């Protein structure tokens, strides 16, 4: 059993050992071992030339990482909270993501941005978002979301080896969670591939990040036999795995840590509706957050996030009636 933060550290340590072009950059990642202790001890092992504490200027060190990547290094940049990348979006989306296209394939940007993200720990609305919609759909950029120790290791190893920029979001609420982990150093999770983590027949539930655990608990409740897919890469997402599953179940449910207007489920629902229109038993159901900032209060934050009981009830209603049930906040009003 390994905590997710330990799996992050193992992935980074293994990559640094195996490839001398891999470097790490970020605020407090070296001497302090990272704010969530996911880089603890790496400075002592690999030295300050490869594990680099940066000034508090995301714009500066993201720009430095883009330049280093173009010149042949493989920088792994840590954003303490995903919200902090707002001041460095130009370097990532306008520079790194377009470098291959602008250079007609002569230059690549093997850059990884990893960041803690997500709600559930009382960090308030400015430090609890996923913000994948800031990157999703940007040509040349891939976005992954880890759901545990095994997935964060496999995704990080693949991301570091990818020739183009990759954003890896790490739900910080999972850093302390333990999972079975006995993979070899050669283990990778291919970018762009989802995994079926539970077989079922009533409906296909697609989730990512901490919502995978919520979806699995929901699917295991009495009276419901749902298939659960861990999306893993949310851009580009795995059309084949999801379409094959929905062909079998006839129903699609997405469980998203995002509001309806910003969530990745809209693209999946539109694709499934277009490709499998005649085979669906019910319209796609998107279980999302209310259109409001993440609350700070603990009870409100717990209500704000989808729970296993809520996901199970919404999915069971879809299966029983083949109609979209109203979300809880509309019923409450």
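Values in this text are rule-based calculations from the coordinates and carry no lab data. What you see is a predicted model, and the numbers here were worked out from it, not measured in a lab. Cβ sites come from the backbone with ideal geometry, for glycine too, and all protein chains shown count toward neighbours.
Hey, what number do you get for the chain at 222 nm if only DSSP H runs of n ≥ 4 count, each worth -39500 (n - 2.57), divided across all residues, to the nearest 500?
On the way: 11 runs with 107 residues, N = 333.
The helix-only estimate for the chain comes to -9500 deg cm²/dmol at 222 nm.
When ranked by the protection proxy of mean other Cβ atoms within 10 Å per residue, highest first, what sequence do the peptides 112-119, 297-304, 8-15, 89-96 form? Write down the numbers at each step before the final one.
Values: 112-119: 25.9, 297-304: 13.2, 8-15: 21.8, 89-96: 19.9.
Those peptides, ordered most packed to least, come out 112-119, 8-15, 89-96, 297-304.
Hey, how many Å between the Cα centroid of region 244-292 and the Cα centroid of region 139-211?
Between the Cα centre of region 244-292 and that of region 139-211, the gap is 20 Å.
Among rounded, prolate and oblate, which fits region 62-134 when a ≥ b ≥ c are the square roots of the eigenvalues of its C-alpha gyration tensor, a/c under 1.5 means rounded, and a/b larger than b/c means prolate?
prolate
Considering every pair of different Cα atoms, what Kirkwood radius, in Å, is found for region 268-333?
Values: mean 1/r = 0.0740 Å⁻¹.
It works out to 13.5 Å.
I need the shape label for region 54-200. Rule: rounded when a/c is under 1.5, else prolate if a/b > b/c, else oblate, with a, b, c from the alpha carbon gyration tensor.
The shape class here is oblate.
Does a label point 7 Å from the Cα of residue 21, set along Cα-to-beta-carbon, have any residues of region 144-178 with amide nitrogen under 19 Å, and which are they?
156-167
So what's the Cα pair-distance distribution over region 195-332, bin width 10 Å, in %?
The percentages, shortest bin first, are 13, 48, 33, 6, 0.
Is the shape of region 1-60 rounded, prolate or oblate, going by the alpha carbon gyration tensor and its root eigenvalues a ≥ b ≥ c, with a/c under 1.5 for rounded and a/b larger than b/c for prolate?
oblate
Kindly rank 179-190, 215-226 from highest to lowest mean number of other beta carbons found within 10 Å of each residue.
Result, highest mean first: 215-226, 179-190.
Applying a 10 Å radius around every beta-carbon, put 49-59, 167-177, 233-243 in order of their mean neighbour count, most first. Write down the numbers at each step before the final one.
On the way: 49-59: 15.5, 167-177: 23.7, 233-243: 19.2.
Packing order, densest peptide first, comes out as 167-177, 233-243, 49-59.
Among bridges DSSP assigns within region 195-332, what percent are antiparallel (round to 5)?
Working: 3 of 16 bridges.
Restricted to region 195-332, the bridges split so that about 20 percent are antiparallel.
Mind checking the log10 I(q)/I(0) for region 1-124 at q = 0.12, 0.13, 0.22, 0.23 Å⁻¹? Debye, one equal scatterer per Cα, no solvent, two decimals.
Rounded to two decimals, the profile gives -0.45, -0.53, -1.31, -1.39.
For the chain, modelled as a Gaussian network with Cα springs under 10 Å, which listed residue fluctuates most, 98, 109, 254?
Maximum among the listed residues: 98.
Antiparallel versus total DSSP beta bridges in the chain: what percent is that, nearest 5?
Around 15 percent antiparallel, to the nearest 5.
Please work out the ratio of the alpha-carbon Rg of the chain to 2.2 N^0.38 Å and round it to two decimals. Could you put the intermediate results ahead of the total?
Working: Rg = 19.8 Å, N = 333, 2.2 N^0.38 = 20.0 Å.
Normalised Rg, Cα atoms only: 0.99.
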